[in-house]
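Input: a single structure, listed below in structure tokens.
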Amino acid sequence: MRTARQAILVVTAVSVALLVFGIGTLIAQPGRSGKPDPKKPVPATDVVLVKKVSLKGGRPPGAGAAKKVEAATGLLGQSVKGKKYAVVVGISDYPGTGNDLSYAHVDAIDMAAALNDVYKFDQVTLLTNLDATREAILNAIGDLSPGSNDEVVFFFSGHGMNGAAQDGDTEKMDEALVAHDGSKLVPIWDGELREAFAGFGTDRIVLIFDICLAGGMDDLAGPGRVILMASGEHGYSYEGEQWGHGEFTYYLVDRGIVAGQANIHDYDHDTTLSEPQQVTVEEAFDYTKANCSMDRPVISDNFANDLLP
């Protein structure tokens, strides 16, 4: 099994090689003002692909770590009164073979199932592998028109990227989700995502990123928004046989939400336990952070008390 130090050195070497061999500059035509142009990423320079690290072998994962209460308050925020919408994306099969992952599409499939089966979402758009183009992802977000009482969830599992992008902010270094156009890798920059979600009628939005450099996506923070990120702004995310997933998604979705192991707060004070209580976003994050051995998850939470999707 590759050690964490070896994995990081490999990823760093890949990033340096990308710059040396000329892939470090990605120029595209400027997008239209306002919402991002699904077909044309904004101009960017010094672009570096930071691959999610795939681990082989290892012991079957445990799920018994102490559940540190850091995000969950034990107080339930206002429940959703309207409809619930989600766009869920996972890319394992990128164009070519050199950037493929094993489990990112599985992450998305399981997240979509949890939203449908556990939280009873009204509409879940699932995009995986070669169907998850930049255009398809941004169009799926753009097709949403949530009202003030509605809720939106966006999930992405795959590779991350950074660079100096002309995406409408003042950052010297930006982060991006790595999508594609069917033939080559294409980014969706954090500033473009911020524009894509701007103007929504609801301030009840959950954003989840199982990618390297995920912490940079806190630029999307805003009132009522909760952002769950598998890594810090300069960190890596991991997938592996021992989880059959990205580690972050395994504990967040499969163990925390679906298996209910993150359910530690009795929000409605139901002493009969006649029905299993659903897991809030903050409970799921606390459980995930406590159990991850490779990923270092971070959260940005601007929702009043705890959010039950």
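We did not get these values from a lab; they are worked out from the coordinates using the rules stated. Remember, it's a predicted structure, so these values are computed and weren't measured experimentally. With ideal geometry, Cβ positions are generated from the backbone for all residues, glycine too; neighbour counts draw on all protein chains shown.
At a Cα cut-off below 22 Å, give the lysines reachable from K289, other chains included and same-chain residues fewer than 8 away excluded.
Reachable lysines: K51, K52, K56, K67, K68.
Which order do I137, I299 fall in if you start with the one that has the fewest other Cβ atoms within 10 Å?
Working: I137 26, I299 18.
Going from least to most buried by this count: I299, I137.
Cα to Cα, under 20 Å, and not fewer than 8 places away if on the same chain: which aspartates and glutamates meet these conditions relative to K83?
D117, D122, D143, D150, E151, D203, D306
Ranked by Cβ crowding within 10 angstrom, fewest neighbours first, how are K39, K172 ordered? Can you show the working numbers first?
Working: K39 15, K172 7.
By the 10 Å Cβ count, ascending: K172, K39.
Among rounded, prolate and oblate, which fits region 94-156 when a ≥ b ≥ c are the square roots of the eigenvalues of its C-alpha gyration tensor, a/c under 1.5 means rounded, and a/b larger than b/c means prolate? Display every interim value, and only then the final one.
On the way: a/c = 3.52, a/b = 1.57, b/c = 2.25.
Oblate shape, in that a/c is at least 1.5 and b/c is the bigger or equal ratio.
Using Cβ counts within 10 Å as a stand-in for footprinting exposure, how do R204, R194 rank, fewest first? Don't skip to the answer; put the middle values down first.
On the way: R204 27, R194 18.
So the residues, fewest neighbours to most, are R194, R204.
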